[in-house]
1. P(r) for the chain: what percent of alpha-carbon pairs falls in each 10 Å bin, starting at zero?
2. Give the separation of the Cα centroids, segment 269-295 to segment 85-112, in Å.
3. Order the following by accessible area, largest value first: LEU209, LEU171. Probe radius 1.4 Å; ligands, DNA and RNA are ignored.
4. Hey, what did segment 80-187 get for relative contact order, percent, Cα under 8 Å, at least 6 apart?
5. Answer with one residue from GLY150, ALA8, ALA135: the one whose Cα lies farthest towards the positive end of the charge dipole of the chain, charges on Cβ with Lys, Arg +1 and Asp, Glu -1.
6. Mind checking the full-extension length gain between GLU196 and LEU37? Use 0.36 nm per residue of separation minus the Cα-Cα distance, one decimal, nm.
7. Under a 10 Å cutoff between Cα atoms, tell me which one of ALA32, ALA287, ALA249 has the largest fluctuation in the Gaussian network model of the chain.
8. Over the chain, what percent of the accessible surface lies on carbon and sulfur atoms, probe 1.4 Å?
Amino acid sequence: MASIKDVAAEAGVSVATVSRALNDHPSVSADARTRVLAAVEALGYRPNAVARSLRTDQTRTLGLVISDVMNPYFTELARSVEEEARALGYSVIIGNADERPDLQDHHVTTLLDRRIDGLLVSPTDGGSPRMLDAARAGTPMVFVDRWIPGLDVPVVRSDGRAAVRDLVAHLHGLGHRRLAIIAGPAATTTGSERVEAFRAALAEYGLPLPDAYTGQGDFQAESGRRVTEGFLDLPEPPEVVFAADNLMALGALDAVRARGLRVPQDLALAAFDDIPWFVHTDPPITAIAQPTGELGRAAVRALVDRIEGRPPQSVTFAARLVVRRSCGASPTGAQSPVTNRSQT
């Protein structure tokens, strides 16, 4: 593998000139820069990123800690983060917290030890000690999807309250009155926010949300199955189950089918977080969709702004309702009109 000395010999300049040319130093003449770049290309030279980071105090690397890599929503989010970072000249190292604060701390510590330039985090269970310490110490950081109130960290997220109201209006229009929810962890902002949005939307139609119709899940499929089985065992089961994330919705669907029941004839089903699989289930599942790709890209831009000395902005996107057949409606006129983006 070619070294910087080889490049200097090929270009007929000093090693110092090669270094300055590769770092865009203004003292290098256009002719010398051209010869250095030609030598780099001819020899296939690749600069030592570690050595460069020691000189510049930057690694051009971002860390991304997501809550659950098995969740298709976070998989899509990670992809959009990586694409936008690459477009801006950064690489990304990903850590999967698996909804565990201890794993989140492990990844945060590992990433900081590798001298990343900044962190994107979707906090697990209200945060974790190492992540909280890093945020309070001023580490360049952006929260994406979830956030921790009270911390001075930019947040890029979507607001699902209007879409939840659209969902309840849709269900009410179909004649459903007994609506239940499989909630996510109350310690996460998304878990608590979706329950409160659902409760508020029901109240607009004079509908209660009894304790028996509120099941505690953990954003995993098994919890969706377990909670739905409990709903079905009630003396008066709900007519609709709204799962607060996609994996819990799939668990709910498994529970219905295991009892030989049908969606939507015996139990209607809706979900937060639309995924490509939902159009292939039988019936296709009504869902609230977040602009996941836009979330990931906006989060990277906010973090790069923070790293490069520009004031970062929190951004809130609007989620939207996508109507399919799992609640008993025709897919005709499938989407409710909502604004795509607003900034805060």
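The values are calculated or read from the model by the stated rules, or taken from the named source; none is laboratory data. Since we're looking at a predicted model, the values are computed, not measured. For neighbour counting, all protein chains shown are included, and Cβ atoms are generated from backbone atoms with ideal geometry for every residue, glycine included. Ligands, DNA and RNA are stripped out before the accessible areas are found, and what is left, the full protein with its side chains, is counted by its heavy atoms. Shrake-Rupley method; radii C 1.70, N 1.55, O 1.52, S 1.80 Å.
1. 5, 23, 26, 19, 13, 7, 5, 2, 0
2. 26 Å
3. Working: LEU209 20, LEU171 0 Å².
Most to least solvent-accessible, the answer reads LEU209, LEU171.
4. Values: 93 pairs, mean separation 19.0, N = 108.
Answer for segment 80-187 is 18 percent.
5. Working it through, the farthest residue towards the positive pole turns out to be ALA8.
6. Details: separation 159, 0.36 × 159 = 57.24 nm, distance 5.85 nm.
Roughly 51.4 nm would be gained on extension.
7. The residue that fluctuates most here is ALA32.
8. Values: 7940 of 15570 Å².
Carbon and sulfur atoms account for 51 percent of the accessible area of the chain.
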